[in-house]
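This report refers to the structure that appears directly beneath it.
No value in this document is a laboratory result; all are computed from the given coordinates. What you are looking at is a predicted structure, and each value in this text was computed from that prediction instead of being measured. Using ideal geometry, Cβ is built from the backbone for each residue, glycine included, and neighbour counts are taken over all protein chains shown.
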Amino acid sequence: MSAFARVSVAVGACLILAACQTPATYHPRDPQSGTGYTDEQLAANRYRVTFTGNSSTRREVVENYLLLRAAEVTLKAGYHWFIFDTRDTQAQTTYRSDFVGWPGWRGYGRYWHSWSGWGVGAGTDITTRPITSYEAFAEIVLLNQPEAMREPRAIKAEDVLEHIGPMARTPQP
């Protein structure tokens, strides 16, 4: 097998594995993959929580995992209610281009505004598709019972665990 053929097979195998990516699981953020949750105490009753998914994780799942982590942090701190002070979800979109047309070669590359000047011309079939991943983040304020009774936005942490907890995909051992 020629060197070119070996490289082509290796590139193809990597692309197949990338296409089979599964949604991020609910776990502490992994420095290797960049997915998972984080939390940081900002004050006695205030925390920043995040959840970062991968390109196979739907926005709804990322936001549910943020809510789940907020509930866990609340209970761990000895509280039962919390409110979101700030909350947002950001999308990061990159573009992947697949092109065919050069004799005997199927190439892959990042999105370019124009492929002209790169040897891509007539007879080349180019398909560009967006790849989006989401990160949700929030600051939460933990509430005691009297505060929660006065706050219409208060969320009971136990209710979140009961409703969202069973849907969380956790890493398999």
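Taking amide H positions as placed in the peptide plane 1.01 Å from N, state which residues far from Arg169 in sequence (5 or more) or on other chains have amide H under 5 Å from it.
Tyr26
Quickly work out the Arg96-to-Ala77 label distance, labels modelled 7 Å from Cα along the C-beta direction, and quote it in nm with one decimal.
It works out to 3.8 nm between the two label points.
Taking amide H positions as placed in the peptide plane 1.01 Å from N, state which residues far from Ser56 in sequence (5 or more) or on other chains have amide H under 5 Å from it.
It is Ala24, by chain and number.
With Cβ to Cβ distances under 9 Å as the rule, what net charge do the other residues near Thr128 carry (K, R +1; D, E -1)? Don't skip to the answer; put the middle values down first.
Numbers: positive: Arg96, Arg129; negative: Asp98.
Result for the neighbourhood of Thr128: +1.
From the backbone phi of the range 129-146, what are the Karplus-calculated ³J(HN,Hα) couplings (6.51 cos²θ - 1.76 cosθ + 1.60, θ = phi - 60°) in whole Hz, Gly and Pro given as x?
Rounded to whole hertz, the list is 9, x, 10, 10, 10, 10, 10, 10, 9, 7, 10, 10, 10, 8, 10, 7, 4, x.
So what's the net charge close to Arg87: Lys and Arg +1, Asp and Glu -1, counting the other residues with Cβ under 10 Å from its Cβ?
Within the 10 Å Cβ shell, the charges total -4.
Lys and Arg at +1, Asp and Glu at -1: add these up for the other residues within a Cβ distance under 12 Å of Gly165 and post the number. Could you put the intermediate results ahead of the total?
Working: positive: Arg69, Arg169; negative: Glu72, Glu158, Asp159, Glu162.
Once all neighbours under 12 Å are counted, the net charge is -2.
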